[in-house]
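Below you'll find the structure, written out as structure tokens, and then a few comments.
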Amino acid sequence: MDNLIPFLILAALVFAVVQAGRQPLWAEAYRRLRRNRVALAALAVIGLYGAVAFLDSVGWRDSRSSPRKTVVDRVFERPKERTYSAPLARTTTGEPKPHPLVARHLLGTDGIGNDVLYLTLKGCRTALIVGGLTSLIATPLALAFGLLAGYFGRRVDDAVQYVYTLFDSIPTILLLISLLMVLGRGLDKMCLALGITSWVGLCRLTRGETLKHRDRDYVRAARALGLSHTRILARHILPNLLPLVIISITLGLSGLILAEAILSYLGVGVEPGVGSWGNMINAARLELAREPVIWWNILSASTALFLLVLAFNVFGDALRDAIDPRLRSA
């Protein structure tokens, strides 16, 4: 199932881009984005991470009894080293008698001889799956509750507000840890837990915007023509909310990626055998007290995490300005 998740996310992105391309608003936003070199650089970084994640999802077995290996696994397929080695070193590090390495390693190796660059690249797939799949879980929840609360008001609005106020009153990290203790460790379970706890902000935004639109002339005209509530919500109100929804999702992806790293660091995220920057940081935290200091493991994972989060934040801000330049001064 985990191997199908990247393709489902890619299909959802392609569908969203195709649908958006038919709208004049998105065509104008695209023209503004093309003039923003920083945004294009951030998008290129995201695309690079996405390409690595895609290659780490495409794999096959050499025989029925052999394990499945992805393209990334096959590129880095080589014998393990004995132990730590510094970046581009020729011998092991920290042994009384250094031993020659089987191969050169750009970012060195960890305590059991794994290539750190390989481990860092394996974390790309986990980070993007967490961000993408969690958004696919949380966004429909937020839109459904927000639209219903804002459009119908009264008791429906009171019920929805009660539910998300209840969620918001519980510390998020404690709720996440509790859910993961019940569901168990795993990539899909962590996405489900994050999806359950991360819909509140978008729901509030959707509710507020729906409250503005429900009394506008075009909604009143639709009611006068006898259109159903479902048709009014789906064909008239929701399309007007999509720009803010897409901006919110883009900016929220960085927080979801950071949440995965934090949960894995705390030992309740993905399993130890799954590539994760949080697992790398957790494994490397005691290495800084060694002599000599093993710094390249934590630096590699932290840098990869920082660049991806920064790229999403920069691109999200640029997308907000491109869709509606008036938000720049808001």
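The values are calculated or read from the model by the stated rules, or taken from the named source; none is laboratory data. On a predicted model such as this, the values are computed, not experimentally measured, just so you know. Methodologically, a virtual Cβ is constructed for each residue, glycine included, from the backbone with ideal geometry; neighbour enumeration extends over all protein chains shown. Just the protein is used for accessible areas: all its heavy atoms, side chains included, with ligands, DNA and RNA removed. Shrake-Rupley method; radii C 1.70, N 1.55, O 1.52, S 1.80 Å.
The candidates Arg207, Arg82, Arg104, Arg320, arranged from most to least accessible area with a 1.4 Å probe in the full protein assembly, appear as Arg82, Arg104, Arg320, Arg207. What the chain shows is 54 Å² of accessible area per residue, with the surface traced by a 1.4 Å probe over protein heavy atoms. Here the accessible area of the chain is 64 percent carbon and sulfur, with a 1.4 angstrom probe and all protein chains present. This model, with +1 at the C-beta of Lys and Arg and -1 at the C-beta of Asp and Glu, gives the stretch 184-285 a dipole about its Cα centre of some 500 debye. Please say if the stretch 131-183 is rounded, prolate or oblate, where rounded means a/c under 1.5 for a ≥ b ≥ c the square roots of the C-alpha gyration tensor eigenvalues, and otherwise the choice is prolate for a/b larger than b/c and oblate otherwise? Note, shape of the stretch 131-183 comes out oblate. Rolling a 1.4 Å probe over the protein chains gives Lys189 an accessible area of about 70 Å².
Once each part is reduced to its C-alpha centroid, what is the distance from the stretch 43-106 to the stretch 193-230 in angstrom? Each part reduced to its Cα centre gives a spacing of 48 Å.
Checking the Cα-Cα distances for Lys97/Lys122; Lys80/Lys122; Lys69/Lys122 against a 23 Å cut-off, the pairs over it are Lys97/Lys122. Note on the chain: Rg/Rh from C-alpha atoms, Kirkwood Rh, equals 1.05.
Just checking the listed ones, Leu40, Leu176, Leu256: in the Gaussian network model of the chain with Cα springs under 10 Å, the one fluctuating most is Leu40.
Taking springs between alpha-carbon atoms closer than 10 angstrom, which of Ile129, Ile170, Ile257 fluctuates most in the Gaussian network model of the chain? Greatest mean-square fluctuation among the candidates belongs to Ile170.
Rounded to the nearest 500, the 222 nm mean residue ellipticity of the chain from helices alone is -22000 deg cm²/dmol, with -39,500 (n - 2.57) taken per DSSP H run of at least 4 residues.
If you run the Gaussian network model on the chain, springs between alpha carbon atoms under 10 Å, then out of Asp158, Asp317, Asp110 the most flexible one is Asp158.
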